[in-house]
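So the structure is just underneath, and the comments pick up after that.
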Amino acid sequence: MLEYQLIRSKRRKTLSLQVRHGQVTVRAPYYVAATLIDTFIKEKSAWLHTKVAEQKKKPDFCDFSQGSSLFFLGEHLTLNICLAKKSNVFIDNSIANEVELFCASKPSLRQLNVVINERVSIRLIEPLDKAARVKKLLETYFKQQAEQLIIERLEFLSTQTSLSPTKVNIRQYRARWGSCNNRGELSFNYLLVMAPIFVIDYVIIHELCHLVHLNHSKDFWQLVEKFCPNVNTAKKWLNIHQSQLHWKNPT
Ligand SMILES: [Zn+2]
């Protein structure tokens, strides 16, 4: 029998199965008997065993291969690589590896599609070349998304806090999410778009507050908390998902 985590809820009316990071989760209404859940798991055991094995094999970080997973706005997306006349990156709603029974709520694992130009793909003989190409396309896409989103949130949060930078930069960083210099210029890591909006907001507020205190003093943290009450939850999220928030070179 496979080990699984059972989550019962008052509102739920259906049974659902989910495999994430090699972990099986069953969601069930309060009134469903444990024996029925066991039977349900047994019926699905072949599929579950395959899924668990598949996911356990995958490294925690994205290796830019088919089926690897990547965060976008705090949501786990599954990478789907395909070929077409024109290269493109887009997110869709197709089911990746969740089974929802009895037509329950909509699936939560969506695909991040990376379309490689057919003519370019002919030259990508080694799997590593292909992964490098996928990474490049994703970088461009994430940078575009980051520029739009971070600027939008920054404008909103600037009004909320009455703090405005002199200049904003969206760039690549090795090990930080943002920075502020003594000229009042803020910089943000474009990979921040992997985090949920509340975490992005925290990082922006953090840097905006550095316009007042260019240090991590008690006064600084008090100001951050004033504008961002869930600072601890945001810091925790970044900490927990650390290993998945950095893009390594395909190896
Ligand atoms: Zn800081």
- Item | Local electrostatic count at Glu75 - Lys and Arg +1, Asp and Glu -1, tallied over other residues with Cβ under 12 Å | +2
- With everything on Cα atoms, drop me the angle between helix 231-240 and the longest principal axis of the chain, reported from 0 to 90° to the nearest 10. 60
- Across Lys10/Lys44; Lys85/Lys136; Lys44/Lys136; Lys13/Lys42; Lys44/Lys130; Lys44/Lys135, pairs whose alpha-carbon gap is larger than 28 Å: Lys44/Lys136; Lys44/Lys130; Lys44/Lys135
- Query: Hey, what angle do you get for helix 45-57 against the long axis of the chain, alpha-carbon based, 0 to 90 degrees rounded to 10?
  - Reply: 30
- Mean separation of Cα contacts under 8 Å (6+ apart) over length of the chain, as relative contact order %: 16
- Would you mind getting me the FRET efficiency between Phe156 and Asp219? Use the beta-carbon distance for r and R0 = 25 Å, nearest 0.05. 0.55
- Task: Working from Cα positions, state the angle (0 to 90°, nearest 10) between the long axis of helix 197-209 and the longest principal axis of the chain.
- Result: 20
- Note on the structure: Using alpha carbon centers only, the range 3-34 is separated from the range 127-142 by a whole-angstrom value of 36
- If you wrap a convex hull around the Cα atoms of the chain, how much volume per residue is inside, in Å³? 163
- Task: Could you pull out every residue, at least 5 positions away or on a different chain, whose amide H is within less than 5 Å of the one on Phe71? Hs are placed 1.01 Å off N in the peptide plane, and Pro or chain starts have none.
- Result: Leu77
- Task: Find the Rg to Rh ratio for the range 4-57, where Rh is the Kirkwood radius over alpha-carbon pairs and Rg uses the same atoms.
- Result: 1.00
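Every number here is computed from the coordinates shown, using simple stated rules; none is lab data. Note that the structure is a prediction, hence the values are computed from the model and not measured. Neighbour counts run over all protein chains shown; Cβ positions are idealised from the backbone, glycine included.
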